[in-house]
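Notes to accompany the following structure.
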Amino acid sequence: RIVQVGGEHEDYYDPDFCIYNDVFVHHPDGRIDILGYPEDVFPPTDFLSATLVGERLALIGSLGYQGRRDFGRTPVFELDIRTLAMRRLAVRGDAPGWLHRHRAALIAPERIRVSGGRVERLVGGKETSGPLSGAFVLDLSTLTWEREA
C-alpha cells in the first residue's frame, strides 16, 4: 500500500487554498480509501514528515494555518497503519519548535532524528520563519525530544 497524509491545495493567497487533515490509502488493486479525521484528532497538516516505525507512521511537524500555530511546540502524531487510527502524542523535552519542511530519519528502533527545515516563531507579535538550528531526536519509547549534541 501507499499512504498519503495531509497536504495542501494551492498557496495561502489563493482563494481555493486548503490544508488537509486526511489520509489516502492506495491499495495494489487500485482501490483508494480516503479517511477524514476531526480537527481535534488530526488538524490540517502540511509540510510534515512521515517515518515508518514498525506498524505506525510517526508524523512530525506542520506549517498549518496562520493563527493556529502553537509556537515552541512541535506537532507529533501517530498513525497506526493496520487500523488507521490517528492519535496526537504528548511529547516533552527540548523540542525543535513549530517545525516544517524538515528531514526525518529513523536512527534506532524508537528514535527519529529531525534536521533541516524551518521553524515558525512569534517575535514581537509577528510570525516569523527561520531555519532549524542543529538537529533533534525524538525518542518514541519515552515521548521525549532532545537536542542532538
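The values are calculated or read from the model by the stated rules, or taken from the named source; none is laboratory data. Being a predicted model, the structure only gives us computed values, none of them experimental. When we count neighbours, we look across all protein chains shown, and the Cβ atoms used for this are built from the backbone with ideal geometry, even at glycine. Note: accessible area is taken over every heavy atom of the protein model, side chains too, but ligands, DNA and RNA are not part of it. Shrake-Rupley method; radii C 1.70, N 1.55, O 1.52, S 1.80 Å.
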Residue in the range 75-86 that is surrounded by the fewest Cβ atoms within 10 Å (Cβ to Cβ), counting only those that are within 10 Å of Leu59 (Cβ to Cβ) and out of contact with any Pro (no Cβ under 8 Å at 6 or more places or on another chain): Glu78
From Pro38, Pro15, Pro43, Pro28, which residue is at negative phi, of a type outside the set (Asp, Glu) and in contact with a Gly (Cβ under 8 Å, 6 or more places away or on another chain)? Pro43
With Ala108, Ala135, Ala85 as the choices, which residue is of a type in the set (A, V, I, L, M, F, W, C) and closer than 25 Å to Pro44 by Cβ? Ala85
If the Cβ limit is 7 Å and pairs must be 6+ apart or interchain, which residue in the range 91-120 that is closer than 11 Å to Glu146 by Cβ and free of Cβ contacts under 8 Å to residues at least 40 places away in the same chain pairs with which residue that is open to solvent by 70 Å² or more (accessible area, probe 1.4 Å) and among the hydrophobic types (A, V, I, L, M, F, W, C)? Arg113/Ile107
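Please enumerate the residues belonging to the range 98-123 that are of a type in the set (Gly, Ala, Ser) and over 12 Å from Ile60 (Cβ atoms).
Those that are of a type in the set (Gly, Ala, Ser) and over 12 Å from Ile60 (Cβ atoms): Ala108, Gly116.
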Where in the range 77-148 are there strands (runs of 3 or more DSSP E), lying wholly inside it, with at least 1 residues that are under 15 Å from the mean Cα position of the chain (by Cα) and among the aromatic types (Phe, Trp, Tyr)? 98-100, 135-139, 144-147
